[in-house]
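Every number here is computed from the coordinates shown, using simple stated rules; none is lab data. Bear in mind that the values here come from a model prediction, so they are computed numbers and not experimental data. Note that each Cβ is placed from the backbone with ideal geometry, even for glycine, and that neighbours are counted across all protein chains shown.
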Amino acid sequence: MGHGTTAIREWSPVRAGQRVLIVDDHPIVLHGLRSVLEGEPWIEEISEARSVAEAIKEATTRRVHLVIMDVRLPDGDGVEATRRIIRALPEVAVLVMTMDDDAELVARAMEAGAHGFVLKDLDPVDFVTLLRAVAAGSIVIGPHAGVSVRTGTRGGPAGLPPPLNSLTTREVEILTMLAASRTTAEIGRRFGVSQKTVRNQLSGIFVKIGVHDRVQAALLAQRLGLK
């Protein structure tokens, strides 16, 4: 794994005893990722797969908690493998990892149920930080991938990248305020609505962008450049 830069340094709380599956058909990548992760005390077991078929078999047989998924595999697409694994094991978190900084690929991965997307040139320390965040239930977009998404030509309102392009203009404004650490009361005053209405609108936003709470929503918005 190469080197990159990111401002993300916080450590997310994560349950110990995690079983991790690495899916990649390049032995050097497999070895490198295993070397990075073997010293992590929260990881109990690391297994490997080199194809879509092996990935599905390993994930279901070992009942893994976390999958690191390459996109280009010998027998198919890692995004489709992600979709099939999550369909079989809904509780599994998948971090898609690739060399392709493609906005459409990010969208496909997130739509398939992935919890994150990073590029292979990410710094190992930052990679572990993001992987921990995924294991703790967060949605993450790696820093380099975030740049690609923000500058892509595809998007929804005001050219926003997926999944933000699924939001209405009002929802984008609410999410922007959330990313700026505004409270529910402040958002309500801004739009002249009650806090209960704001909470209901936030719940709808969370569903649309695939997060579980305001912290994950704010992090995703910030990493996709919404400010």
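Before moving on, here are some points about what is shown:
- Alpha-carbon radius of gyration plus Dmax, which is the widest Cα pair, for region 18-151 in Å: 13.2, 40
- Each label was represented as a point 7 Å from its Cα along the Cα-to-Cβ direction; for E38 and H26 these points are 2.0 nm apart.
- Mean shadow area of region 73-133, taken as a quarter of the surface of its Cα convex hull (nm²): 4.4
- Applying the criteria of a DSSP loop state and at most 12 other Cβ atoms within 10 Å to the trypsin sites (Lys or Arg not before Pro) of region 31-94 yields R63.
- In the chain, excluding the sites themselves, the longest stretch lacking any of the GluC sites (Glu not before Pro) that are in a DSSP loop with at most 16 other Cβ atoms within 10 Å is 92-227.
- Listed residues P74, P124, P41, most fluctuating in the chain (Gaussian network, C-alpha, under 10 Å): P41
- In units of the rule-of-thumb radius 2.2 N^0.38 Å, region 157-223 shows an alpha carbon radius of gyration of 1.00.
- When the chain is described by a simple charge dipole with +1 on each Lys and Arg Cβ and -1 on each Asp and Glu Cβ, the residue from A221, S203, I68 located farthest towards its positive end is S203.
- Rounded if a/c under 1.5, otherwise prolate or oblate - the chain, Cα gyration tensor axes: prolate
- Candidate aspartates and glutamates for bridging to K196, where Cα separation is under 18 Å - those fewer than 8 sequence places away on the same chain excluded: E171, E173, E186, D213
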